[in-house]
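The values are calculated or read from the model by the stated rules, or taken from the named source; none is laboratory data. Treat the numbers as computed from the prediction; the structure is a model and nothing was measured. Virtual Cβ from ideal backbone geometry, glycine too; neighbours counted across all protein chains shown.
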Amino acid sequence: MPVTGEAEPLEDLDLAADEYTRACAGADDPTRERLRADFVGLSLPFARRLARRYRGRGEPIDDLEQVARLGLVKSVNRYDPERGSFTAYAIVTITGELKRHFRNHAWGVHVPRRLQDLSLEVGHTRAALTVDLSRRPTEDEIAGQLGVEVAEVREAQLSGAGYAPGSLNAHAEGYDGVEVGDLIGADDPDLDLVDDRTSVERLICRLPERERRILGLRFYGNLSQAEIARDLGVSQMHVSRLLARALTWLRQAMLSDTLPPWAGLDETDHRVTVAVRFRGDVIEARVCGEIDRDNAGHLRDELLTVLHDSSRIRRLVLDLGGVPLLDAAGIGVLVAVHEAARVRGVQLRVTGLQAYVEKIVTASGLRDLIVE
């Protein structure tokens, strides 16, 4: 129906709905279809008036009228005269279709329905309170009027910005020929590190499993050296040495065109040696190397074998002068050897301890084994 500047006459849709219902009773299908079309045509101005209530909100009026007409058709198809006024039912149905259209199509960014409705209510409440208070209302006043939390009002206000977001292709004010998108963002400095990170990942894969684990716990797990030591069952000093050696090798590998040799690949740094010398009924065993969880079992087996094969000895002297590191596993070796020697009636003494190792042995309650 064409839009004119003249006021449209107000039709009595409730009366027309009653006449339509009575005429359809007992009529055949073609007649009901014709009556339905006539009734819809009569109601179109009513739907148009409801659609115009929502103009000026960013949607074309033609689209809104089309949505209102769709709601009108649904009203006619679903109308039950026993449930009351057709006009009241049509208003609810058509208004619901218009609101659904705004929720689904008018918002530039997808926002949950709850926030969409609340955003509209916040806007209407702010306008009403501005008139009543003669000033802009606070968020607390809006929340109190709506019976919601202040945080919900703030969330609704923030979501309201998604209704009509600005275009990145819009002209930037104050700049000649520059779009808004051109002023947003900057070069990502991490892009220059992609090659380095890829190279480091490849080099880390060439390290032994223990060094890889220490690097992971330190730089990805954010654990301290003491925490890593407890996890691995070694001393903090040993973790510091292993970490420093791994980082030094990685640094050299990153700065060199050829891969430098890894001193730890043959595990020689982790081996411990035992030199045994018999002097009558005394056995002197000189131990060299770091004693940790990786080699403690090997050392314990060698010392127990010495005790087992020497049935006439009365004293076992362990010279630990060549041991710069002794962790909890090493203390376990001393305890096991001391117990085995006690059972066989052999006196165990420890000598030549370096300062750090002596502190560990003393703190473990084995001070009586040390010979000054």
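Okay, here's what the table says:
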{"quantity": "Subset tally (residues that are free of Cβ contacts under 8 Å to residues at least 24 places away in the same chain and either of a type in the set (Val, Ile, Thr) or in contact with a Leu (Cβ under 6 Å, 6 or more places away or on another chain) (or both)) for region 21-61", "calculated": "4"}
{"quantity": "Filtered residues of region 26-66 (kept if within 14 Å of residue 90 (Cα to Cα), in contact with a Phe, Trp or Tyr (Cβ under 9 Å, 6 or more places away or on another chain) and among the aromatic types (Phe, Trp, Tyr))", "calculated": "39"}
{"quantity": "Filter pass, residue 307 being in contact (Cβ under 8 Å) with a residue 24 or more places away in the chain, outside any helix (DSSP H, G or I) and of a type outside the set (Phe, Trp, Tyr)", "calculated": "no"}
{"quantity": "Where residue 58 falls short, out of the listed (1) more than 17 Å from residue 87 (Cβ to Cβ); (2) modelled with pLDDT of 85 or more", "calculated": "(2)"}
{"quantity": "Residue satisfying all of: in region 67-106; within 24 Å of residue 32 (Cα to Cα) and among the hydroxyl-bearing types (Ser, Thr, Tyr); modelled with the lowest pLDDT among these", "calculated": "79"}
{"quantity": "Condition check for residue 337: modelled with pLDDT of 85 or more and of a type in the set (A, V, I, L, M)", "calculated": "yes"}
{"quantity": "Qualifying position, being assigned by TED's automatic domain parsing to the domain that holds residue 152 and out of contact with any Pro (no Cβ under 6 Å at 6 or more places or on another chain), among 40, 131", "calculated": "131"}
{"quantity": "From the options 76, 92, 67, residue that is within 46 Å of the chain's Cα centre (by Cα), β-branched (Val, Ile, Thr) and buried (at least 16 other Cβ atoms within 10 Å of the Cβ)", "calculated": "67"}
{"quantity": "Filtered residues of region 177-228 (kept if part of a helix (DSSP H, G or I) and among the acidic types (Asp, Glu))", "calculated": "182, 190, 192, 195, 196, 201, 209, 211, 227"}
{"quantity": "Pick from region 353-372, criterion within 50 Å of the chain's Cα centre (by Cα) and not hydrophobic (A, V, I, L, M, F, W, C), ranking: nearest to residue 321 (Cα to Cα)", "calculated": "354"}
